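Every number in this text was worked out from the coordinates using simple rules, so none of it is lab data. Note that the structure is predicted; figures quoted are calculated from it, not measured. As a convention, Cβ positions derive from the backbone with ideal geometry for all residues, glycine included, and neighbour counts pool all protein chains shown.
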Amino acid sequence: MTEFISWLFNAVHSIEPLLRDLIAFGAIFSETSLFLGLIVPGDSVVLITASSLHGIADFMGLMLFVILGSLAGESVGFYVGRVFGKKIRASWLGQKIGEKNWELGDAFVHKRGGVAVAISRFIPVLHSLVPVIAGMTKMTYRTFITWTVAACALWSGVYVSLGWAAGQAWQTLAKDAQWGGIIFAALLVLAIFAGHLVKTRVEKAAEKIAKESLEQ
């Protein structure tokens with residue numbers, strides 16, 4: 001365990017900061033683009049790249065790239081929805097996503113407007129659908145991006161901070177060759193479990209708001 005974690009952290013630390021930031025940008029852009037969020041683990045890439053941060057300037061640089069990647073991906077989804085939304089919804093891919101998810105997204109955006117855009121950043125499936133649906137409505141891009149900036153900044157801050165904290169913890173624990181890896185792995189499991197509980201609560205609360213919009 002210790003050897004693998006050491007190899008992983010050393011590999012990440014060997015990447016030039018600019019290349020590392022570009023990798024994070026590409027991963028999060030892919031995750032937030034049309035439907036790619038269903039298969040691309042952008043959050044995992046952000047956590048791993050953030051583990052190699054060396055200071056506040058480095059932290060702010062990665063934050064900037066992650067936020068820009070998120071905004072670029074969300075913007076692509078918005079404009080794809082504006083131009084091709086109806087065709088995508090009627091396509092094979094749109095049907096695979098499920099009409100119920102489309103209807104839920106429709107009601108969410110129409111009832112909640114910009115709030116739906118912000119909250120959807122934390123809801124699986126809807127995260128990929130809402131930008132497209134927002135583009136299909138009369139919502140202006142200015143309204144869309146304003147709410148998106150707030151959500152993406154919050155999301156990015158949380159994940160980059162967690163990755164940085166993990167990297168700092170490992171550097172401290174790695175000094176103990178016998179128990180360092182085991183302790184770190186245990187802490188990592190606890191962090192993932194705690195994060196999962198928080199994420200689940202946020203998702204359930206957000207989904208409840210979305211379903212209430214559908215019922216109204």
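Results, tabulated for the structure shown:
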item: Residues GLU16, GLU103, sorted so that the one with the fewest Cβ neighbours within 10 Å comes first; result: GLU16, GLU103
item: Rough spin-label spacing in nm, given labels placed 7 Å along Cα→Cβ, for LEU18 and VAL115; result: 4.4 nm
item: Length released on extending from ALA57 to THR172, taking residue separation times 0.36 nm less the Cα-Cα span; result: 39.3 nm
